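The structure appears right after this line, and notes come after that.
We did not get these values from a lab; they are worked out from the coordinates using the rules stated. Everything quoted here is computed from the prediction, not taken from an experiment. Neighbour counts are summed over all protein chains in view; Cβ atoms, including those assigned to glycine, are modelled from backbone coordinates with ideal geometry.
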């Protein structure tokens with residue numbers, strides 16, 4: 001009885017903070033990465049920044065203030081590119097350094113090192129976009145670790161991704177790089193992922209653990225094109241062309257999910273391209289059966305942001321946040337549209353923190369008819385859904401997830417894999433392919449797509465009101481109707 005009462009009190013407490021974003025808190029492990037020298041570069045990243053064929057952004061850290069230098073070499077060993085040192089500032093006890101290298105050649109391989117001219121990093125590498133209509137990349141989400149061991153396990157998943165797709169030209173990380181965005185955790189991320197990060201171009205996406213409540217961490221960890229970002233404290237929104245695709249990265253920390261200003265930016269951005277494929281990445285997913293699928297912030301995106309995707313003929317949206325794999329059928333206006341709809345993929349987690357299905361979401365907050373594929377990565381729960389049975393199991397599905405995306409002219413293919421914890425074996429869990437006639441998209445917007453600070457501030461009140469109207473007018477009634485079942489599931493299954 002006492003245990004039941006405690007659970008009931010927990011539910012009531014959760015209701016009082018329905019708009020809160022929970023952040024799991026873990027004690028720091030005793031294991032630490034080797035100490036760095038005062039001017040030794042670390043946390044080195046190469047990011048997409050501007051023209052993917054000619055430009056890259058670089059960011060790294062040193063423990064103390066020192067000169068900012070970078071050396072970029074082409075395949076012959078000759079110096080290449082034009083360097084612009086954009087920033088070097090103190091941050092949380094260390095110094096970050098940013099440099100942008102432009103005037104590179106499309107479709108070329110480069111090596112680089114960073115430092116102060118005396119103390120240099122090891123050489124890293126990257127490849128620029130050759131501009132043709134055939135390319136591939138890797139996508140992951142939610143490493144979200146605290147102990148070094150869990151970062152290292154996630155790194156094994158990403159290493160398996162590059163072994164599966166060795167020709168990948170870049171990697172997208174859909175957010176939650178760490179759990180609490182502390183120096184210790186970012187150092188552990190760097191220790192586990194350092195070689196990967198220094199030898200591939202990253203497309204980073206801000207997760208709630210990277211931006212919401214930990215202002216400026218995300219923007220200070222990478223060198224991104226912030227020229228059109230509606231704000232940079234909680235994350236960054238930006239876009240770029242790659243091959244015959246236009247790619248937009250969204251910030252779902254903006255006003256807890258998405259401000260009107262950012263949705264306006266996205267519409268203009270997507271309307272400004274004539275590329276064949278339109279792809280978007282963000283952290284929070286509007287379609288999920290995980291633990292965050294019961295809160296209004298992500299669900300609101302299904303009533304607001306999806307309308308923008310529909311209007312702009314977006315082809316694919318990939319996200320993270322809820323640590324399971326789910327692919328929807330093509331959707332338009334929250335209805336199945338096999339001919340012209342947008343496909344949404346909840347990317348699974350590359351890390352070790354995995355969620356089980358919340359059955360009470362089915363039919364109330366998530367229409368299960370929308371689901372085309374679902375895999376739960378957590379042992380002891382259903383590992384996949386066959387359309388009827390939530391408890392179907394498959395031991396090889398217990399592990400870290402990664403996705404590969406290949407564009408070949410008018411065909412886009414996504415393949416999803418899990419690296420089994422037990423054996424290290426990589427198993428394909430899903431494949432999705434769509435073919436379209438190319439050369440049909442037309443640009444309908446041109447001009448300035450920046451947002452002034454004044455415009456952004458003006459958008460905050462209507463943004464909040466729209467979220468509040470959804471939360472109290474649509475979400476709360478459904479939540480209250482479902483509450484008895486939610487309480488029953490929580491008490492009997494210890495799942496909320």
Legend entry - Size of the chain as Cα extents on the principal axes (Å, biggest first): 70, 56, 49
Inset, instruction - Could I have the simple spin-label model distance between residue 329 and residue 438, label points 7 Å from Cα toward Cβ, reported in nm to one decimal? - result: 3.0
Legend entry - Sum of -39500 (n - 2.57) over DSSP H runs of 4+, divided by residues of the chain (222 nm, nearest 500): -7500 deg cm²/dmol
Inset, instruction - Show me 354-361, 74-81, 114-121 ranked by packing, highest mean number of other Cβ atoms within 10 Å first. - result: 354-361, 114-121, 74-81
Inset, instruction - Please work out whether the stretch 99-249 counts as rounded, prolate or oblate from its C-alpha gyration tensor, where a ≥ b ≥ c are the square roots of the eigenvalues and a/c under 1.5 means rounded, while otherwise a/b larger than b/c means prolate and anything else oblate? - result: rounded
Legend entry - Binned Cα-Cα distances of the stretch 207-362, short to long, each 5 Å bin given as a whole percent: 2, 9, 18, 22, 22, 16, 8, 3, 0
Legend entry - residue 111 paired with residue 337, simple spin-label distance in nm, labels 7 Å along Cα-to-beta-carbon: 5.0
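Over the stretch 56-128, what portion of Cα pair distances is larger than 19 Å, expressed as a whole percent?
When every Cα pair of the stretch 56-128 is considered, 32 percent fall beyond 19 Å.
Rank the residues 349, 201 as a footprinting-exposure proxy: fewest other Cβ atoms within 10 Å of their Cβ go first.
Final ranking by Cβ density, sparse to dense: 201, 349.
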Legend entry - Share of alpha-carbon pairs per 10 Å distance bin for the stretch 270-339, given as whole %: 18, 53, 25, 3
Inset, instruction - Quick one: compute the contact order of the chain, relative version, from alpha carbon pairs under 8 angstrom and 6+ residues apart, as a percent. - result: 13
Legend entry - Per-selection Rg to Rh, the stretch 198-268 - Cα, Kirkwood hydrodynamic radius: 0.96
Inset, instruction - Output the antiparallel fraction of DSSP beta bridges having both residues in the stretch 131-435, as a percent to the nearest 5. - result: 65
Inset, instruction - May I ask for the angle, rounded to the nearest 10°, between helix 2-16 and the longest principal axis of the chain, with both axes built from Cα atoms and the value confined to 0 to 90°? - result: 60
Inset, instruction - Extending each Cα 7 Å along its Cβ direction at residue 364 and residue 89, get the distance between those two points in nm, one decimal. - result: 4.4
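Starting from the Cα-Cα distance between residue 163 and residue 233, subtract it from 0.36 nm times their residue separation and give me the gain in nm to one decimal. Write out the running numbers ahead of the final one.
Numbers: separation 70, 0.36 × 70 = 25.20 nm, distance 3.54 nm.
That pair, residue 163 and residue 233, stretches by 21.7 nm at full extension.
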Inset, instruction - Any chance you could tell me what percent of the C-alpha pair distances in the stretch 298-437 go past 20 Å? - result: 47
Inset, instruction - Calculate how steeply helix 453-470 sits against the longest principal axis of the alpha-carbon atoms of the chain, using the helix alpha-carbon long axis, and give the answer as 0 to 90 degrees to the nearest 10. - result: 20
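At a 10 angstrom cut-off on C-beta neighbours, averaged per residue, how do the peptides 192-199, 448-455, 51-58 rank from highest to lowest? List each step's numbers first, then the result.
Numbers: 192-199: 19.6, 448-455: 12.4, 51-58: 21.5.
Packing order, densest peptide first, comes out as 51-58, 192-199, 448-455.
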Legend entry - Helix axis angle, 148-164 relative to the chain longest principal axis, alpha carbon, degrees: 80
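So if R0 is 56 Å, what FRET efficiency would residue 480 and residue 411 give, r being the distance between their Cβ atoms, rounded to the nearest 0.05? Each step should come with its number before you reach the end.
Details: r = 46 Å, r/R0 = 0.82.
FRET efficiency, residue 480 to residue 411: 0.75.
Please say if the stretch 357-494 is rounded, prolate or oblate, where rounded means a/c under 1.5 for a ≥ b ≥ c the square roots of the C-alpha gyration tensor eigenvalues, and otherwise the choice is prolate for a/b larger than b/c and oblate otherwise?
Values: a/c = 2.30, a/b = 1.13, b/c = 2.03.
Cα axes put the stretch 357-494 in the oblate bin.
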Inset, instruction - If a/c stays under 1.5 just call it rounded; otherwise compare a/b with b/c (prolate if a/b is bigger, oblate if not). Do that for the stretch 422-496, with a ≥ b ≥ c from the square roots of the Cα gyration tensor eigenvalues. - result: oblate
